[in-house]
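The values are calculated or read from the model by the stated rules, or taken from the named source; none is laboratory data. As the structure is a prediction and not an experimental result, all values here were calculated from the model. Here the Cβ positions follow ideal geometry from the backbone for every residue, glycine too, while neighbour counts run over all protein chains shown. Heads up: the accessible areas ignore ligands, DNA and RNA and are worked out on the full protein's heavy atoms, side chains in. Shrake-Rupley method; radii C 1.70, N 1.55, O 1.52, S 1.80 Å.
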Amino acid sequence: MPASLIYKIAFSFLKRTGAQLLRNLADQGIEPEEFFVMDTLELSQVLGTAKGNRFEKAERDEALRRAEKEMELIERHNIRPYFILDSDYPVRLSQIPDAPVILYQLGKTDLDSRHIINIVGTRKPTPYGVDFCKRLVSDLADYFPDMLVVSGLAFGIDATAHSAALSSNLPTAGVVAHGLNMIYPAVHRDLARSMIQSGGCLISEYPFGETPFRQRFLERNRIIAALSDVTIVVESDVKGGAMSTANTAFSYSRDVLALPGRISDRLSSGCNLLIRKQKAHLLSCAADVIEITGWKPLDLNIDVHQRNLFPELDGDPALIYETIRYSKDPMLPDQIHARTLIPMPRLMAALGEMEFDGILLRHPGNRYSIS
């Protein structure tokens, strides 16, 4: 690792540092090495900081000492650090105002993957939530084999999402609230090991030796939200980490989807609240994710009879839906017939039923598109 990395890591041990300050230094032409050797008064004048907010030389020296120890540990354990101003820093994460100065990664996952989702939820899910989570990941994997699934390595939906990704041969990243020298909860050590061995990774903004506590779990939620294109909430009470992640993602103008449930179910109350407040789109299947994100499936030759995005559709309606959804323009019945070979009487009957059910939208000239 380059010697200059010590100075970059040292910034993470200083209070009052962030992306804006570091960009200000860069604009002033001050390299990280210079920052740590400059006279305190001179540095304050350059940065325009008041006396109470000055970076005293003793404080900077202590940060350097801690950074040197951290360098030894991350080199020994093959941990990759990302610095906020470097070109390899994850692009999505760099877009938020409170991005961590340093991000540590154990594993070699591409954090700039083309398709990234995060799945969060309660630590005590019902069979309904677990089954949906597994099916959703499996369905999306067929359409996006490059997709990265991000979660927090916690009990419940987090662990289910990671395991479902592994079962579907997808890389999965766990964002943790402590240093990468440990796994919390400890019972997830085997899961974490499998994630890394299967092309996934563990991610943290905390250096070696830092232990988890409540505030850090809330802080790490912003990383889960920011690394992803979309946040998916599968079962949550109105209070909890999943709601924190969802609200943070919404504040970052990221897409949020939530699995609805019965109004009497406490573990669906958070999801229902997000939908009611229009902070989340209603999630019923993988097709909803594709529609909201606008992603183009990487494999358009999937047999719709084997893997149908709308489980309630089968037979003629399923084939009609899959035909129309990949058309740039609304389609005439004759065009649909030519591609599906469904006899016209059956085709017109199916089109009428799908329009009535709100699946299709009929335009002037008797042309159809996805509703």
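A few comments on the model shown:
- Tally of residues being assigned to a loop (DSSP other than H, G, I, E, B), open to solvent by 10 Å² or more (accessible area, probe 1.4 Å), touching a strand residue (DSSP E or B) at 6+ places or on another chain (Cβ under 9 Å) and of a type outside the set (Val, Ile, Thr) across the range 77-110: 5
- Between Leu191, Leu218, Leu153, the distinction of being in contact (Cβ under 8 Å) with a residue 24 or more places away in the chain, among the aliphatic types (A, V, I, L, M) and over 24 Å from Ser12 (Cβ atoms) belongs to Leu191 only.
- When the range 46-62 is filtered for residues that are at pLDDT 85 or above and assigned to a helix (DSSP H, G or I), the ones remaining, listed by number, are Lys57, Ala58, Glu59, Arg60, Asp61, Glu62.
- When the range 324-363 is filtered for residues that are over 40 Å from the mean Cα position of the chain (by Cα), of a type outside the set (A, V, I, L, M) and open to solvent by 70 Å² or more (accessible area, probe 1.4 Å), the ones remaining, listed by number, are Asp334, Pro345, Arg346.
- Here Asp146 clears all of (1) under 25 Å from Glu219 (Cα atoms); (2) touching a residue at least 60 places away in the same chain (Cβ under 8 Å); (3) open to solvent by 20 Å² or more (accessible area, probe 1.4 Å); (4) of a type outside the set (S, T, N, Q) except the condition numbered (1).
- Ile74 outside any loop (DSSP other than H, G, I, E, B) and β-branched (Val, Ile, Thr): yes
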